[in-house]
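To start, the structure itself, in structure tokens.
The values are calculated or read from the model by the stated rules, or taken from the named source; none is laboratory data. Quick caveat: nothing in here was measured; it's all calculated off a predicted structure. Ideal geometry is used to build each Cβ from the backbone, glycine not excepted, and the neighbour counts take in all protein chains shown.
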Amino acid sequence: MINFKIVKSKIEKQREVIIARIKRLRKDDPFSTTDRALIVEPGTDAAQLYGHEQAVVLENQLKRELKEIEAALLKMKKKTYGICERCGKKIDLARLQVKPQAIYCVKCLKEIETKKG
């Protein structure tokens, strides 16, 4: 039996952490604080571009995680949380404790990964 209050609390905490990390990334992004037209020092633009690219990649990864978390919270509201989206069976509690936003059971996940590889 899944204790939804505990899982929901864990997911909501993950959500808060991810939102905070996205805000920090945006604040620390070199392109967000510098007027690129004023850069005249050689090499500075390349270093800032590299920092910006890293920030964008990390932000996109965090946005994907946030989307998964939001979907899990919506499933809890709809009372469909913990059901594999592929086979319709219950996802093991152990898997949900490790990845509360999981949408596939372990068996289906392995089958999907096998097809990709």
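Brief remarks on what is shown
- So Glu53, is it surrounded by 12 or more Cβ atoms within 10 Å (Cβ to Cβ) and either more than 30 Å from Leu93 (Cβ to Cβ) or at pLDDT below 90 (or both): yes
- Hey, Ile103 touching a residue at least 12 places away in the same chain (Cβ under 8 Å), part of a loop (DSSP other than H, G, I, E, B) and in contact with a helix residue (DSSP H, G or I) (Cβ under 9 Å, 6 or more places away or on another chain) or not: yes
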